[in-house]
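Remarks on the structure that follows.
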Amino acid sequence: MAPSPSEIRGRYYDGKTAEVREVTVVATPGEVVLRDAVDAAPVARWPIVELGVLGDSEHEAVPLLVRRNGEARLAIEDAGQRRALGAAVPEIARLGAHRPAAAGRILQFGAGLVAAIALFWAGLQAGSDALAPLVPQSLQARLGERVYAELVGKRPLCEGEPGLAAVNRFAGRLAAQAGYDRPVSVRVVKGGPVNAFTLPGGIVILYSDLIDRAADGNELGGVIAHEIGHAVHYHPIKGLARQYGTEQILKAITGGYSDIGTLGSGGSLLLALRNGRQFEREADATGVALLEGLGLRADGMSRFFEALLKTEPHDLAGVAGIWSDHPPTVERVAVTRRAPTGAPDFTDADWQAIRRVCH
């Protein structure tokens, strides 16, 4: 079966055997699908949020596409086809990126030196738990924007002003209740997966598919409260510091071209941001406490977890994206379960505005 001129072809290595399979590659809104080039049989389905790129076109002839937490690799020999896939999936655009201009490299290296001074001044290397709150907000925000660009790329944001205002007012109330005096910002990315995560600098990312999945505003409120729990405990900056160390964070800030460490993108960044069970339990407990402290409904968090468990009882990790290293969901449902008492997390008008945030 001859490939069509626009077909993307690659070599697939499963990481377990020496077998090499010729595959075709198709990007969908939520995943990259690999099929056998001969009989079109499914070979692998990789969620976009779990993709990473090993190397770059500046240093390797053929950068490899990988899925985090796995050994499988995909090599696409044709540079034009790599660029086509990168254009279809902005999160892995660097798969076919051209070498950056020298002037840009110099500026980025200079920014890295400034960031190094700031990071060492903050004492990040001395202990992430104790010193994360001392990292200047401007530095955390810059790092958060850098990681946001790697993970979300050019995926469209939802811009419905009433809905965005509602979720950001709610997040701000939670942060104030926690005594967190730094800004928080909620962004809604159009599409899937059903997921949410928090970046350094108080940046909370919601996917609109998660909003669509929520049964009511209280379920969404529970999810946002959980993410604010991560923010107020500085879990994102702690996670990056523990995974990569100070030098590696500099790599993210400088755009990946300084000579100070090697911080990956895509899947490897998700791996660093994936919170361990201690962080997750802390964020769950904090989120529920903040809702109760404000006199709001706190039963939505457990109901949302329970709904996900019923929908995907055997593959919750795949649905939950970077929540896959969380405590057992049954445990989380039990621990966060609360009576349906208190004021609604959102008014009816705010909830309707949030539901239309992408329209």
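Each reported figure results from applying straightforward, stated rules to the coordinates on display, with no laboratory input. This is a predicted model, so every value here is computed, not measured. A quick note on method: Cβ atoms are made from the backbone with ideal geometry, for glycine too, and the neighbour counts reach across all protein chains shown.
Tabulated values for the structure
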| read-out | value |
| --- | --- |
| Label-point separation in nm, residue 165 to residue 216, each point 7 Å along Cα→Cβ | 2.5 |
| For the stretch 8-96: Kirkwood Rh in Å [reciprocal of mean 1/r, alpha carbons] | 12.8 |
| Mean Cβ neighbour count within 10 Å, used as a protection proxy, ranking 31-39, 224-232, 168-176 highest first | 224-232, 168-176, 31-39 |
| Estimated FRET transfer efficiency (residue 155, residue 181; beta-carbon r; R0 35 Å; 0.05) | 0.70 |
| Cβ-derived FRET efficiency at R0 30 Å, residue 277 paired with residue 310, nearest 0.05 | 0.85 |
| Packing rank of 193-203, 134-144, where each peptide gets the mean count of other beta carbons within 10 Å, highest leading | 193-203, 134-144 |
| Most to least packed among 206-214, 345-353, 302-310 [average Cβ atoms within 10 Å] | 206-214, 302-310, 345-353 |
| Residue 69 versus residue 285: modelled label distance in nm, points set 7 Å from Cα along the beta carbon direction | 2.4 |
